[in-house]
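Colleague: First, the structure itself, so that you have it in front of you.
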């Protein structure tokens, strides 16, 4: 019989494990692997942030470019109404009153100025007469037999031009297509 008491289960659990301590080379290898993993995660996060910055900058630029789209669409209606008003005036005649000539010239000057302002702000019109029908840019309002020498599917008349804002369609052209 020994004087030493038997270790209790609690004491047995408190004794250190007898696992071998890692060698310095093993610790270095483990730390290098951890550094490589963290570096990879950091590079991926950095790349994702750069992509986010690029995407956000592009979205902000598009939002600025097209923020006035609704306003531009309304202004285009006014430009078309101005054109209809000019077309409603009687044609120039040799013996017409001077006041009518001045009114016509004044309204045409206002139209030129108005269209110039629109163009400087990215709003452009296009008359597609003589070009092939493009359903992305044109709205066919009627069909008629194509004039001689004109291919079927060609725009033969334009009721209103197509309008774009910085290259994006605002309003399609209302056209007559040859068949």
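Colleague: Considering only segment 111-163, how many residues are surrounded by fewer than 14 Cβ atoms within 10 Å (Cβ to Cβ) and assigned to a helix (DSSP H, G or I)?
Modeller: 6
Colleague: Sticking with this structure for a sec: Which one of 72, 65, 45 is at pLDDT 80 or above and either in contact with a helix residue (DSSP H, G or I) (Cβ under 6 Å, 6 or more places away or on another chain) or surrounded by 11 or more Cβ atoms within 10 Å (Cβ to Cβ) (or both)? I'd like the intermediate steps shown before the answer.
Modeller: Working: 65 fails: at pLDDT 80 or above; 45 fails: either in contact with a helix residue (DSSP H, G or I) (Cβ under 6 Å, 6 or more places away or on another chain) or surrounded by 11 or more Cβ atoms within 10 Å (Cβ to Cβ) (or both).
Among 72, 65, 45, only 72 is at pLDDT 80 or above and either in contact with a helix residue (DSSP H, G or I) (Cβ under 6 Å, 6 or more places away or on another chain) or surrounded by 11 or more Cβ atoms within 10 Å (Cβ to Cβ) (or both).
Colleague: On to the next question. Please specify each residue of segment 164-179 satisfying the condition of being touching a helix residue (DSSP H, G or I) at 6+ places or on another chain (Cβ under 8 Å) and surrounded by 16 or more Cβ atoms within 10 Å (Cβ to Cβ).
Modeller: Within segment 164-179, 165, 166, 170, 171 meet the criteria.
Colleague: Kindly provide the set of residues from segment 87-110 that are touching a residue at least 12 places away in the same chain (Cβ under 8 Å) and not in a helix (DSSP H, G or I), ordered by number.
Modeller: Result: 89, 92.
The values are calculated or read from the model by the stated rules, or taken from the named source; none is laboratory data. For clarity, every value in this text was computed on a predicted model and none was experimentally measured. Note that we place each Cβ from the backbone using ideal geometry, even for glycine, and neighbour counts take in every protein chain shown.
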